[in-house]
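First the structure, in the form of structure tokens, and then the observations on it.
The values are calculated or read from the model by the stated rules, or taken from the named source; none is laboratory data. Remember, predicted model here, so these are calculated numbers, not experimental data. Quick reminder, even Gly has a Cβ in these numbers, built from the backbone with ideal geometry, and neighbours come from all protein chains shown. Protein only, heavy atoms only, side chains kept; ligands, DNA and RNA dropped before computing areas. Shrake-Rupley method; radii C 1.70, N 1.55, O 1.52, S 1.80 Å.
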Amino acid sequence: MPQQIDPIAMIRPRRKITGISAILLPFGENGDVDWAAFRNHLSRTLLDGIMPAVNMDTGYVSLIDAKTRVRAVSEALNEIGTDAFAMGVMVDDQPGDPFNLDAYRRELELADWNKATPVIFQSYGLTALGNDELLDAYRAIARECPRFIAFELGTQFAPFGKIYDLDVYAGLLDIPQCIGAKHSSLSRRLEWQRLQLRDAKRPDFHVFTGNDLGIDMVMYGSDYLLGLSTFAPDLFAKRDRFWETGDPAFFELNDLLQYLGFFAFRPPVPAYKHSAAQFLHLRGWTASDRTHPKSPKRPDSDREVLADILNRLSAWL
């Protein structure tokens with residue numbers, strides 16, 4: 001069990017941060033995926049020193065069909081090459097369905113074929129398992145791939161999500177193929193507990209914060225796998241370098257990026273993807289701010305606020 005939390009003592013200055021950015025899947029005015037803008041954003045993100053992740057929630061993984069998911073992975077492979085990106089491994093099931101290892105296996109084969117790091121989304125069948133069976137399921141997944149990133153997802157994000165207890169998390173640390181886990185509870189305390197456990201048990205394990213409302217968790221030893229970073233991978237990369245070099249400018253830039261996060265990730269949270277589309281359009285990186293037709297929208301008036309944030313951030317560009 002973790003010791004009493006002392007956040008100040010946990011701060012790790014001048015640490016090199018590992019960043020993974022969940023890439024927005026952009027849409028054109030005609031309602032089709034804008035694959036050219038997608039490819040450009042992949043290259044831009046990788047050149048900034050951040051690993052892109054496709055077929056995540058930011059890429060509408062639960063809304064797009066299998067053909068589009070496969071093409072997103074293929075486009076990433078062709079654009080940025082092997083071992084350069086991560087991909088969400090999503091299994092569609094329903095409440096009451098059993099754990100479907102075969103469905104996970106098919107997605108893992110796609111990841112292996114394209115040399116992508118799998119990010120294992122939870123499913124109803126997976127999170128319904130008891131602790132021992134749950135860890136057995138992850139061990140079965142581990143036998144199908146050389147490495148993967150686990151994913152704890154709060155139910156505020158997805159009804160099939162679950163935040164594991166620390167015994168299960170400790171069990172994940174014991175699986176060599178599990179190189180890290182994305183933690184999306186939005187709770188600093190729960191993430192600090194995981195960092196304590198990681199530091200004591202397996203220091204090379206990555207705790208990837210998914211807390212878009214607490215992006216400064218990198219100060220305490222977290223890395224990140226965020227949707228917010230798709231708005232500005234260049235500025236996230238600059239912020240990360242400030243932390244590594246001990247530059248106090250880290251705090252000012254982080255504050256502005258967090259302001260963007262609080263605005264974009266306000267309820268309804270899934271509409272952050274429209275905020276991202278609006279922001280990338282304002283940056284001139286996409287030809288449209290359209291989103292997937294089944295994804296919730298933000299009001300047009302948001303563009304004025306986002307333009308103001310972009311203007312404030314421009315001093316850092």
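Among the residues of region 154-169, those identified as farther than 11 Å from N131 by Cα and surrounded by 15 or more Cβ atoms within 10 Å (Cβ to Cβ) are G154, F157, A158, F160, G161, K162, I163.
The single condition among (1) touching a residue at least 60 places away in the same chain (Cβ under 8 Å); (2) surrounded by 14 or more Cβ atoms within 10 Å (Cβ to Cβ) that V73 does not satisfy is (1). Only one entry of F262, F250, F236 meets the criterion of being modelled with pLDDT of 95 or more, in a helix (DSSP H, G or I), open to solvent by 20 Å² or more (accessible area, probe 1.4 Å) and more than 20 Å from F27 (Cβ to Cβ), and that entry is F262. Evaluating A276 against the criteria (1) in a helix (DSSP H, G or I); (2) surrounded by fewer than 16 Cβ atoms within 10 Å (Cβ to Cβ); (3) of a type outside the set (F, W, Y) leaves one unmet condition, (2). G88: crowded, with 17+ Cβ neighbours inside 10 Å, among the small types (G, A, S) and closer than 21 Å to R290 by Cα, yes or no? In short, no.
For region 170-217, the candidate set comprises residues that are among the basic types (K, R) and closer than 29 Å to P233 by Cα; within that set, the residue that is surrounded by the fewest Cβ atoms within 10 Å (Cβ to Cβ) is R189. Among the residues of region 31-67, those identified as open to solvent by 10 Å² or more (accessible area, probe 1.4 Å), touching a residue at least 40 places away in the same chain (Cβ under 8 Å) and polar (S, T, N, Q) are N40, S62.
The residues of region 1-30 that are open to solvent by 40 Å² or more (accessible area, probe 1.4 Å) and of a type in the set (D, E, K, R), listed by number, are D6, R12, R14, K16, E29.
Of the residues screened, D300 is not one that is within 16 Å of F231 (Cβ to Cβ), open to solvent by 10 Å² or more (accessible area, probe 1.4 Å) and not polar (S, T, N, Q). For region 91-105, the set of residues classified as at pLDDT 95 or above and either open to solvent by 30 Å² or more (accessible area, probe 1.4 Å) or on the phi > 0 side of the Ramachandran plot (or both) consists of Q94, P95, G96, D97, P98, F99, N100, L101, D102, R105, listed by residue number.
Among the candidates F242, F231, which residue alone is of a type outside the set (A, V, I, L, M), more than 30 Å from T155 (Cα to Cα), surrounded by 17 or more Cβ atoms within 10 Å (Cβ to Cβ) and at pLDDT 95 or above?
On the way: F231 fails: more than 30 Å from T155 (Cα to Cα).
Of the residues listed, the single one that is of a type outside the set (A, V, I, L, M), more than 30 Å from T155 (Cα to Cα), surrounded by 17 or more Cβ atoms within 10 Å (Cβ to Cβ) and at pLDDT 95 or above is F242.
Taken over region 147-172, the residue count meeting the criterion of being under 20 Å from D204 (Cα atoms) and either more than 20 Å from the chain's Cα centre (by Cα) or assigned to a strand (DSSP E or B) (or both) is 10.
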